[in-house]
1. Not counting ligands, DNA or RNA, and with a 1.4 Å probe, what is Ile12's accessible surface area in Å² rounded to the nearest 10?
2. May I ask you to list the GluC sites (Glu not before Pro) in the range 1-61 that are in a DSSP loop and have at most 15 other Cβ atoms within 10 Å of their Cβ?
3. Please report the spacing between the Cα centers of the range 104-138 and the range 191-217 in Å, no decimals.
4. Where a ≥ b ≥ c are the square roots of the eigenvalues of the C-alpha gyration tensor, would you call the range 1-110 rounded, which needs a/c under 1.5, or, failing that, prolate if a/b is larger than b/c, or oblate?
5. Could you give the size of the charge dipole of the chain about its Cα centre, using +1 on the Cβ of each K and R and -1 on the Cβ of each D and E, expressed in debye and rounded to the nearest 20?
6. With label points built 7 Å along Cα→Cβ from the Cα atoms of Arg32 and Ile65, find their separation and express it in nm.
7. Take Leu40, Leu21 and sort them by solvent-accessible surface of the protein heavy atoms, 1.4 Å probe, largest at the top.
8. Would you work out which of Asn98, His74, Ser60 lies farthest towards the positive end of the dipole of the range 18-107? Charges go on Cβ: Lys and Arg +1, Asp and Glu -1.
Amino acid sequence: MKILITGATGFIGQRLVKELLSHGHDLFLLVRPGSTKPRLENVRYVEGNVEESDVIGALSPFKKILPEIDCLVHMAALYDLTATLPELYLKNVVGTQNVINLAKKIPRLKYFHYFSTYAVNPQLKGKVKEEELSKSEHPFPDEYLRTKNDAEHIVRNQLIDGVQTIIHRPGVIIGESKTGLTDKLNGPYYFLNFILKLKSSGLHHRIPVLPLPLRKESLLPLLPVDTLANWVAHIITHPKGHKLRTYHEVSQEKIKTIQFIEEGMRLLGVERPILPIPMEKLFSPFFPLLKMPPEIIFYMQQGIELDRSQIMNDYPELKAPKFSEYFPKTIQWLKEGHL
């Protein structure tokens, strides 16, 4: 298969490229003009920018590669809870529309893969199905989720004739399962960083309980980045023939947020009872001390459970490693001074 990928140099993209190459695919990676281009066998670089209306310039010599492409993977996005709405909208919404416009110009295109997020439905409660998508006019906890919701609506509303569309909704992605290696130190790493600093300062001896803005029942849909890359490469390589399919790419194991933090504290030698405080106002003064964006509070208090029916029906062979197997490696990597 000949695959054009946007966002291939990102945290997930780098691992996905390696997985796809191991499956024998020929890859075309969209990169900004002047970007560093590592030499990789069966990889060609295409200069372009998803923020431009003509992603690959009309006069670009790279236009000639479009007839060769039969699969397009759109991963390029801005994930930053502190970014402004114009920044997020340009990258996540306008960028997605531009890529769809490009897809419509690819004559042999058979598959379009779009990367959304597990949290694209922040207003929904209980068990959320993969095919569900909340209305864009509802309030959102942050502008990142607003723009990702808008972008997924665009993808669903502009299906291309003769092209199978697959929407990927990855969960909370952390380091590699076998080594703990990561180059993405946000999200759940905010808490691990705080615990490490608490221990190094010696303050943990003076704190009988640790108050945190979470709910006991909140789930944290963790998945190691190498597991996600393996799953996505498998899905791309073995399409199932659906016109539209959405997959919640999260572990089959239900992991609670409080369980993640408690186990992190235990492995880091800072065992303290956690006192859940579900009210943001009581906790907000502590955000500067924790060096966390206040927007993260939503992700700590989610009460949803992500349904996995479609991915289990189509790819029952895809299994995530157990939390107890990979999480100690995550902590060991951090203890070695990488955070």
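1. Approximately 40 Å² for this residue.
2. Glu41, Glu51, Glu52
3. That distance is 35 Å.
4. The shape class here is oblate.
5. 360
6. Result for the modelled spin labels: 1.8 nm.
7. If we order Leu40, Leu21 from most to least accessible, we get Leu40, Leu21.
8. Result: Ser60, furthest along the dipole toward the positive end.
The values are calculated or read from the model by the stated rules, or taken from the named source; none is laboratory data. Values in this document were obtained by computation on a predicted structure and should not be read as measured data. Every residue, glycine among them, receives a Cβ derived from its backbone with ideal geometry; neighbour counts consider all protein chains shown. For the accessible areas, the whole protein counts, side chains as well, though only heavy atoms, and no ligand, DNA or RNA atoms are used. Shrake-Rupley method; radii C 1.70, N 1.55, O 1.52, S 1.80 Å.
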